[in-house]
Amino acid sequence: MLGAARHLAEAVPVRRPPAPAEDRRTGVVVLEDDDALREHILLPGLQDFGFDVVGAASAGGLYRAMLERGFDLAVLDIGLPDESGLSVVAHLRKVSPRMGVVMLTANRERDDQVRALSHGADAFLRKPVDIEVLALTLRNLAQRLAGVEASGPREPAAPAGRWRLQSDGWCLASPEGRVVPLTASERSVMRALDARRGHAVAREALIAALVQDVDAFDPHRLEMLMHRLRRKAAGIAGAGEALPLRAARGVGYLLAG
């Protein structure tokens, strides 16, 4: 059965018509046999960071998913019920050489890392994996595969030494090109602020970018989101690179120009 699925996966995958660059989400397939980890942590977590994610519980499930569509990236567990994740990545290298592959394992042994990378994996992360770290690893890998030159977690420096959103809005780049991956909520707020850079944006307008029912939204959640954005940016920023996200008293917030 697995052999048949493998054979079919070698056919050209069915692809949907390309979406506009700004709307197209990077396609990721997650191969993880732990149902709770896959369905309740990895899939919703990566979806929140803007990826178009499909899950599979076995190697056979992965190959069947590849029949339905093409994927840009794969996240693979090493220990699987029907086939080693190491043989899966070796197979993917043959049938989809342009697919980026990140391996996951709960094993702390160095040998797993060496074997995964030698089989063709692009990156290796240990469980329990931080979703933000995984999202940034996938973003960097997608950029590199798309031909964006980078040195570590960087992209070309922002113009005139300022922070900016990447073209698809899912990452925030510092003046030195360091990258912060954004969740769906953070992306919505940053796009609203960036559209009126240098001008105060009312709290109500920012909340409206997050939810439909503005009156049912707790304003403290907006304050917490802004605090989290500043903290995330500070975690990757160099000296003198603080994100110019400021509170406008009595109005809302502004992103300085």
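Since every read-out is calculated from the coordinates, none of them should be taken as a lab result. Bear in mind that the values here come from a model prediction, so they are computed numbers and not experimental data. Quick reminder, even Gly has a Cβ in these numbers, built from the backbone with ideal geometry, and neighbours come from all protein chains shown.
Here are the numbers for the structure shown:
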| item | result |
| --- | --- |
| Student exercise, segment 39-91 dipole from Lys, Arg, Asp, Glu Cβ charges, in Debye to nearest 20 | 100 |
| Label point distance in nm, residue 204-residue 227, each placed 7 Å from Cα along Cα→Cβ | 2.6 |
| More than 18 Å apart - percent of Cα-Cα pairs taken over segment 159-255 | 42 |
